[in-house]
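The values are calculated or read from the model by the stated rules, or taken from the named source; none is laboratory data. Predicted model only: the values in this text are computed from it and were never measured. Here Cβ is always computed from backbone atoms with ideal geometry, including for glycine, and neighbour counts include all displayed protein chains.
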Amino acid sequence: MNETAADPVRHVNAQPLQEWLVCNGLGGYASGTISGVPTRRYHGYLIAALPNPAGRVMMLNSLAVQLKLRDRRVDVGWVPPNMSNGAALDLVEFELQLGLPVSRYRGFGVLLEKRVVVSHAHNTVMVQWRLLEGGPTRLEVRPSLQFRGHDDLVSAQVPDAYPLTAFGARIELAAPTPLPAVKLHLDGSRTSFVIEPLSVPDLGYAIEESRGYASRGNLYSPGRFRADLQAGGSAALFASTEPWDTLLTMSPPEMLSAEVERRRRLLDAAVPAARSGAAAELVLAADQFVIRPAGRKEDHVRARAAGDEAWTVIAGYHWFTDWGRDTMISLEGLTLCTGRHAEAGSILRMFAHHVRDGLVPNMFPEGANEGLYHTADATLWFFHAIDRYLRVTGDRRTLIALLPLLRDIIDHHMRGTRFGIHVDPHDGLLSQGAQGYQLTWMDAKAGDWVVTPRRGKAVEINALWYNALRLCSDWLARTNDRDGAEDLRRVADRTHDSFNRRFWNERTGCLYDVIDGEHGDDPSIRPNQLFAISLPHAVLDHTRWAPVLETCERELLTPAGLRSLSPGSPDFKPTYRGDLLTRDAAYHQGTVWSWLIGPYVDALMRVRRDPAAARRALDGLIAHLGQNCIGYVSEVFDAQPPYTPGGCVAQAWGVAELLRCLVNLGS
């Protein structure tokens, strides 16, 4: 146990539209703004992760809270206009305590605290209110909802009412088939529920509007919960899709205590450098992405039959599912730096089962059991993730079990597999590309338009290919397959020679982004060339490391990560905003990506061995932990000051790479 480290608390000067997020270890979550104003379709208190094909479903959108004082009724936080009484308590404090959001409101002689707790491995949320000063008073909580898939538009039709069953201060609202009912229960003093149906009409969602989506919709409220609050007393609303006997098992103090203790154990299990400061916050953030996939029953059955558990990684909240590439890049930061070795091994074994024709799945769509395979790099990142795992755990059993599959993956790439992925027999370099597909991590596609197709021999794909060949050769040698090891060593040597001969661009003093592409060799200055330095087996000759790093620093480095394209390119887009088409056009054409700070720091340490400079490069993202979705790293940022964040508010590889760098640099 780590007895000395204090619980991480992040106190922020609450900006009303900053966001918070708490997840349940299944892919479900609760999320909102500090003020309570819903700005996204994904904002709600209970987004449940349900068995496929349902996927993640919005089960409880909002809670309108009021205090009934002697001479007036006052709002607590945001209340829809048709429910508001005009007077409101002031939000005076917001903080994350062990990653859990806590808000405090003051006014009219009272101080009220609100806390949100999500039950781990259950589709259950608890919202607790505690009267710290003043009183007595009467608490009234009005839930509003719109049953829909969490990706569905807010304009989806809401019926006049959902069927309701009431049991005192417990109610059950029936969702459309085949969804389960949502159960709501208020725990406190003199609790009751008043059936008082009400519509919340024409509610606006500002971020949906800014992103070009339907932005207005209705909610339905069945009535009001009520409870008395004395000074020092509390009341808690539970919302759940679990059976009643599961929901009522724990009291509010027990549920809070269990989650607090679970989070403290996470910090105790992390490597020492990650038990305090920003790194400790990131350990708690990392936990939100490592999940048991609630929907994919077959994965759980298969894993449990082997004495294992099925785990995976959510690539980003709110809308991403689990992606192969993101999972493999994130594995080290999310699981190995946090001491979660069992989960890391399970993730690798689960993805190994889903390999088809030598390819790791690119992604598992929402509500689906089978993956999509249109990726040229996720499989190569798989080798990297296995290497990171083995270096920490020494798990020889898993290595021996996976080696035949890894050898088969290499054979598929040598012969050629889906989407034009194949080794060119003329130079031994890996080529990829198929019309209508985007196979590298720069994968934006708008309708039929592939924005950055990068068909041909992409620089990072070949850096990853070389790394995979060297790793697999080493593993074969360690298991006494000397002939196999020697075969792959010769293939790797040829790849190395061809790469250094063909990718160097004398005119720019750095590497081509793609060679033998549809329009010849592409000299665009992108961050992809850093992987030729940063990977464990660096394919680029060390004499060329310094100019590549210097070029990337000059053209691409920002406080929030690296630009995806040099500002000197005619295709450069300085901002990432607007409708889907506009955003996709900028996604990899200048937009800054937070996760790229990881390979940059690795390259910097290899070239200059300067820990102080590497640590300074992380300062912008550490400051960002208090600026957007509190405690998380955003997916992307504008390519110019002030580097406004965009995309997903919480991205797995952004969190993972920042944490990994902090750990490697000693935090």
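Yes or no: Arg407 surrounded by fewer than 18 Cβ atoms within 10 Å (Cβ to Cβ), assigned to a helix (DSSP H, G or I) and not hydrophobic (A, V, I, L, M, F, W, C)?
Details: surrounded by fewer than 18 Cβ atoms within 10 Å (Cβ to Cβ): yes; assigned to a helix (DSSP H, G or I): yes; not hydrophobic (A, V, I, L, M, F, W, C): yes.
Against the criterion (surrounded by fewer than 18 Cβ atoms within 10 Å (Cβ to Cβ), assigned to a helix (DSSP H, G or I) and not hydrophobic (A, V, I, L, M, F, W, C)), Arg407 qualifies.
Just give me the residues in segment 131-149 being within 27 Å of Gly626 (Cα to Cα) and surrounded by fewer than 19 Cβ atoms within 10 Å (Cβ to Cβ), in sequence order. Give the derivation first.
Within segment 131-149, the subset within 27 Å of Gly626 (Cα to Cα) is 131-132.
Within segment 131-149, just Leu132 meets the criteria.
If a residue counts only when it is in contact with a Leu (Cβ under 6 Å, 6 or more places away or on another chain) and buried (at least 24 other Cβ atoms within 10 Å of the Cβ), which helices (runs of 4 or more DSSP H) contained entirely in segment 277-367 have at least 2 such residues? Before you say what the answer is, go through the steps one by one.
Working: elements: 277-287, 297-305, 324-331, 341-353.
Those helices (runs of 4 or more DSSP H) span 277-287.
Can you spot a residue in segment 373-382 that is hydrophobic (A, V, I, L, M, F, W, C), surrounded by fewer than 23 Cβ atoms within 10 Å (Cβ to Cβ) and either part of a helix (DSSP H, G or I) or not assigned by TED's automatic domain parsing to the domain that holds Ala49 (or both)?
no
With respect to Asn467, is the statement that it is under 21 Å from Leu439 (Cα atoms), assigned to a helix (DSSP H, G or I) and in contact with a His (Cβ under 8 Å, 6 or more places away or on another chain) true? I'd like the intermediate steps shown before the answer.
On the way: under 21 Å from Leu439 (Cα atoms): yes; assigned to a helix (DSSP H, G or I): yes; in contact with a His (Cβ under 8 Å, 6 or more places away or on another chain): yes.
Criteria met by Asn467.
On the given criteria, is Asn362 of a type in the set (S, T, N, Q) and touching a residue at least 60 places away in the same chain (Cβ under 8 Å)? Give the steps one after another, and end with the answer.
Values: of a type in the set (S, T, N, Q): yes; touching a residue at least 60 places away in the same chain (Cβ under 8 Å): no.
Here the answer is no, as Asn362 does not meet what is asked.
Please go through segment 500-519 and give me each residue that is among the small types (Gly, Ala, Ser) and either surrounded by 17 or more Cβ atoms within 10 Å (Cβ to Cβ) or in contact with a strand residue (DSSP E or B) (Cβ under 9 Å, 6 or more places away or on another chain) (or both), ordered by number. Show your work before the answer.
Within segment 500-519, the subset among the small types (Gly, Ala, Ser) is 509, 517.
Answer for segment 500-519, where residues must be among the small types (Gly, Ala, Ser) and either surrounded by 17 or more Cβ atoms within 10 Å (Cβ to Cβ) or in contact with a strand residue (DSSP E or B) (Cβ under 9 Å, 6 or more places away or on another chain) (or both): just Gly517.
Determine whether Asp443 is outside any helix (DSSP H, G or I), over 30 Å from Gly394 (Cα atoms), at pLDDT below 95 and not assigned by TED's automatic domain parsing to the domain that holds Leu406.
Numbers: outside any helix (DSSP H, G or I): yes; over 30 Å from Gly394 (Cα atoms): yes; at pLDDT below 95: yes; not assigned by TED's automatic domain parsing to the domain that holds Leu406: yes.
Yes: the conditions hold for Asp443.
Please find, among Met350, Met328, the residue that is more than 24 Å from Gly32 (Cβ to Cβ), touching a Phe, Trp or Tyr at 6+ places or on another chain (Cβ under 6 Å) and of a type outside the set (Ser, Thr, Tyr). Lay out the reasoning, then the answer.
On the way: Met350 fails: touching a Phe, Trp or Tyr at 6+ places or on another chain (Cβ under 6 Å).
Going through Met350, Met328 in turn, just one is more than 24 Å from Gly32 (Cβ to Cβ), touching a Phe, Trp or Tyr at 6+ places or on another chain (Cβ under 6 Å) and of a type outside the set (Ser, Thr, Tyr): Met328.
Would you please name the residue that is nearest to the chain's Cα centre (by Cα), looking only at residues in segment 220-266 that are within 25 Å of Ala49 (Cα to Cα) and aromatic (Phe, Trp, Tyr)? Before you say what the answer is, go through the steps one by one.
Initially, segment 220-266 is screened for residues within 25 Å of Ala49 (Cα to Cα), giving 220-222, 236-266.
So of that shortlist, the ones also aromatic (Phe, Trp, Tyr) come out as 220, 238, 244.
Details: Tyr220: 30, Phe238: 25, Trp244: 31 Å.
Looking at the filtered set, the residue picked out is Phe238.
I'd like the full set of residues that are in contact with a helix residue (DSSP H, G or I) (Cβ under 9 Å, 6 or more places away or on another chain) and either among the charged types (D, E, K, R) or outside any helix (DSSP H, G or I) (or both), limited to segment 383-396.
Here is the first cut: in segment 383-396, the ones in contact with a helix residue (DSSP H, G or I) (Cβ under 9 Å, 6 or more places away or on another chain) are 383-393, 395-396.
Asp387, Arg388, Arg391, Asp395, Arg396 - these are the residues of segment 383-396 that are in contact with a helix residue (DSSP H, G or I) (Cβ under 9 Å, 6 or more places away or on another chain) and either among the charged types (D, E, K, R) or outside any helix (DSSP H, G or I) (or both).
Only one of (1) touching a residue at least 40 places away in the same chain (Cβ under 8 Å); (2) farther than 30 Å from Arg70 by Cα; (3) assigned by TED's automatic domain parsing to the domain that holds Ser84 fails for Gly188. Which number is that?
So the condition that Gly188 fails would be (2).
Looking at (1) over 23 Å from the mean Cα position of the chain (by Cα); (2) in a loop (DSSP other than H, G, I, E, B), which one does Gln589 not meet, given that it meets all the others?
Result: Gln589 passes all but (1).
Is segment 6-14 home to any residue that is over 22 Å from the mean Cα position of the chain (by Cα), crowded, with 22+ Cβ neighbours inside 10 Å and not acidic (Asp, Glu)?
no
Among (1) assigned to a strand (DSSP E or B); (2) in contact (Cβ under 8 Å) with a residue 24 or more places away in the chain; (3) not charged (D, E, K, R), where does Pro176 come up short?
(1)
Output the residues belonging to segment 220-235 that are aliphatic (A, V, I, L, M) and either surrounded by fewer than 19 Cβ atoms within 10 Å (Cβ to Cβ) or not in a strand (DSSP E or B) (or both).
Ala231 - this is the single residue of segment 220-235 that is aliphatic (A, V, I, L, M) and either surrounded by fewer than 19 Cβ atoms within 10 Å (Cβ to Cβ) or not in a strand (DSSP E or B) (or both).
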